[in-house]
Amino acid sequence: MVEYYYDICIPIFEATSNNFTCNFLNVNGVAYIVVTDPRATGRPPCCIFQKPWNPPAPNFLQTAAGVKYNGTGVLYTRPVYWWVLDDPEDPAGPFGYSFFEDTCRSSSTNMNCTPSQFFFRATTGFASQFFDDYKVEKPDPSVFAIPDSCNTAQECDV
């Protein structure tokens, strides 16, 4: 999995500003923050955010403990379903997920929906990620190439 932050980096750093661009790259259970912008003064070119780390499975709404339906809303003029994972013991939470209602198809064993938004606790309040032009397709393997700058990466100083 890879996430591209084109305006500001993922707002999880207490030690430095997030006023730079970056990629969040998950390869073989390791999550890297890869700096893609020279504005990132004081940041290493690559650091390990978490190990082990894996993105949620496609069926996490059915399998994750504590995920609860939280109602409906509207995003980009389209109705959405909201789900929240809020574990009071987890200082990183809560996490919220919305899915476009008109894309949800369910069967007796699975519910498939197009994601529209994800929110999480950040260094100052909450951060939201909005999904644009979401597609389920196998990416080119080059997407998961680990940059040379990550060969000697240390843990991120979040």
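Rule-based calculations on the coordinates, nothing more; no lab input. It should be emphasised that the depicted structure is a prediction, and the values quoted were computed from it without experimental measurement. With ideal geometry, Cβ positions are generated from the backbone for all residues, glycine too; neighbour counts draw on all protein chains shown.
For the chain, the residue among 115, 1, 48 whose Cα projects farthest onto the positive side of the dipole built from Cβ charges is 115.
What the Cβ-Cβ distance of residue 135 and residue 14 gives, at R0 = 41 Å and to the nearest 0.05, is a FRET efficiency of 0.75.
With the biggest extent put first, the Cα atoms of segment 2-155 measure 47, 35, 32 Å across the principal axes. Ranked by the mean number of other Cβ atoms within 10 Å of their residues, highest first, the peptides 2-13, 54-65, 87-98 fall in the order 2-13, 87-98, 54-65.
Using only side-chain charges placed at the Cβ, +1 for Lys and Arg and -1 for Asp and Glu, the dipole size of segment 2-155 relative to its Cα centre rounds to 120 debye. Across segment 37-59, the residues whose backbone nitrogen lies under 12 Å from the label position 7 Å along the beta-carbon direction of residue 92 are 49-56. At full extension, residue 59 and residue 145 could sit 28.4 nm farther apart than now, given 0.36 nm per residue minus the alpha carbon distance.
Residue 116's amide H: which non-local residues (gap 5+, or another chain) put their own amide H closer than 5 Å, with H modeled 1.01 Å from N in plane and none for Pro or chain starts? So residue 116 has HN proximity to 98, 99, 100. One decimal place: the segment residue 76-residue 105 gains 8.4 nm when fully extended, by the rule 0.36 nm per residue minus the C-alpha distance.
Each Lys or Arg adds one and each Asp or Glu subtracts one; over the other residues with Cβ under 13 Å from the Cβ of residue 26, this totals 0. One decimal place: the segment residue 126-residue 68 gains 19.0 nm when fully extended, by the rule 0.36 nm per residue minus the C-alpha distance.
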